[in-house]
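Take a look at the structure below.
What follows is calculated from the coordinates using simple rules that are stated; it is not laboratory data. Nothing here was measured: the structure is a model prediction, and the numbers come from that model.
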């Protein structure tokens, strides 16, 4: 059920479902995953955050999990999360506290 509060001044504005926006998202997903932050219109809850790597999955999410007034932010993963600007990184140790110096990653 959608709740539209007319005093919120509804009118033309940025439309995440506009064809040019959808094309931009689909194009980016051909090159990199996309980080999505979903804010809920008058939902009184924290935003959800996801990483999509498939256009069909993102398109389905937008079609089934959003309501009028929700705000969607999207970023290219490769530009937002370069391996040179990490907050933390490491490997999971074994029971003796060792981590591999090599690996297939």
- Query: Length gain on complete extension for the stretch residue 85 to residue 63, per 0.36 nm per residue less the alpha carbon to alpha carbon distance?
  - Reply: 4.6 nm
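Just to be sure I understand: if I project the alpha-carbon convex hull of the range 58-105 onto a plane and average over all orientations, what area do I get in nm²? Walk me through the numbers on the way to the answer.
Working: hull surface 26.4 nm².
That works out to 6.6 nm², a quarter of the Cα hull's surface.
Evaluate Rg over Rh across the range 17-80, taking Cα atoms for both radii and Kirkwood's formula for Rh. If you can, show how the numbers build up before the last one.
Details: Rg = 11.6 Å, Rh = 12.1 Å.
We get a ratio of 0.96 for the range 17-80.
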- Item | Max mean-square fluctuation residue, GNM over the chain, Cα-Cα springs under 10 Å, options 20, 95, 79 | 95
- Extension gain (nm, one decimal) between residue 51 and residue 96, 0.36 nm per residue minus Cα-Cα: 12.9 nm
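Relative contact order for the chain using alpha-carbon pairs under 8 Å, separation at least 6, rounded to a whole percent?
Values: 88 pairs, mean separation 27.3, N = 105.
RCO, the chain: 26 percent.
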